[in-house]
Amino acid sequence: MSATKSRDREETKALLIESVGDVIARDGYGAVGVNAVARAAGVDKVLIYRYFGGFPELLQAFGEEADFWWQVDDLLPPGGLSLQHDDLAASLTLIFEGHLNFLRHHPVTLEILAWEMTDRNELTIALEYVREQRSLELMRRLLEQYGQTNREAMVHFGPVMALLGGAAQYLATRARHIKTFNGLDLQSDRGWQQMLSAVDLMLAGIVTAPLKGDAP
């Protein structure tokens with residue numbers, strides 16, 4: 001393959017991946033399909049099958065390469081996580097804050113999250129896989145920071161971060177159309193800062209709580 005053809009192929013692939021997000025942003029998640037994406041990209045739909053192997057594979061590429069979900073390195077504090085309890089609580093709060101800020105500034109992601117609560121299809125399945133893989137990678141990196149001998153710590157913190165992350169996704173999704181939840185202003189920075197302050201206190205208490213198997 002010539003360098004020109006290779007470049008054209010990669011440019012077309014990138015255009016098709018970008019067009020998935022364009023269709024969602026413009027017409028909503030229900031409009032995503034082979035014809036709509038090809039039309040938005042201005043190319044023949046046969047190229048989706050030629051370059052990706054099929055529509056599910058294009059959706060997978062969108063999840064992995066587009067700015068749909070955070071990257072693990074974007075959430076981890078510079079220099080990694082400290083093993084000191086006070087520093088660990090602060091680091092976990094930073095991870096939660098990064099997750100929350102990502103959601104609040106990615107409306108297409110919120111549209112997809114809202115959609116998957118009521119429907120399961122090729123797009124939601126592909127993006128669910130990407131999210132799960134990155135979440136597991138984040139937990140793996142945390143486990144490495146602790147060392148292989150402290151697996152109970154991950155059993156302790158994993159469900160906590162899942163609950164907090166899920167709460168952030170739910171509330172950020174609601175905030176698209178609903179201003180308040182339990183008196184919290186979901187459409188203001190002040191409201192979210194109140195939530196972060198509460199999360200910081202919660203994590204400080206959880207981090208200092210005895211882990212299963214610890215001596216009393």
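Each reported figure results from applying straightforward, stated rules to the coordinates on display, with no laboratory input. None of these values were measured; they are calculated from a predicted model. With ideal geometry, Cβ positions are generated from the backbone for all residues, glycine too; neighbour counts draw on all protein chains shown.
Segment residue 194..residue 43, full-extension length gain: 49.6 nm, with 0.36 nm per residue of separation and the alpha-carbon distance subtracted. Listing 91, 135 from fewest to most neighbouring C-beta atoms within 10 Å gives 135, 91.
Dipole of the stretch 72-208 computed with +1 at Lys/Arg Cβ and -1 at Asp/Glu Cβ about the Cα centre; of 142, 125, 180, farthest Cα towards the positive end is 180.
Shape class of the stretch 72-208 from the Cα gyration tensor (axes a ≥ b ≥ c, square roots of the eigenvalues): oblate, since a/c reaches 1.5 or more and a/b does not exceed b/c.
What number, in percent, do you get for the relative contact order of the stretch 3-65 if the mean sequence gap of Cα pairs under 8 Å and at least 6 apart is divided by its residue count? Averaging sequence separation for qualifying contacts and normalising by length gives 33 percent for the stretch 3-65. Quick check: net charge around residue 47, other residues with Cβ under 10 Å of its Cβ, Lys/Arg +1 and Asp/Glu -1? Surrounding charge for residue 47 is +3. Here the gap between residue 31 and residue 73, fully extended at 0.36 nm per residue and compared with their Cα-Cα distance, gives a gain of 11.9 nm.
Using a 7 Å offset from Cα along Cα-Cβ at residue 201, what residues in the stretch 163-186 end up with backbone N under 17 Å from the label point? Within reach of a label on residue 201: 182-185.
For the stretch 23-54, backbone nitrogen atoms closer than 17 Å to the point 7 Å from residue 121 Cα along Cα-to-C-beta are found at 23-40.
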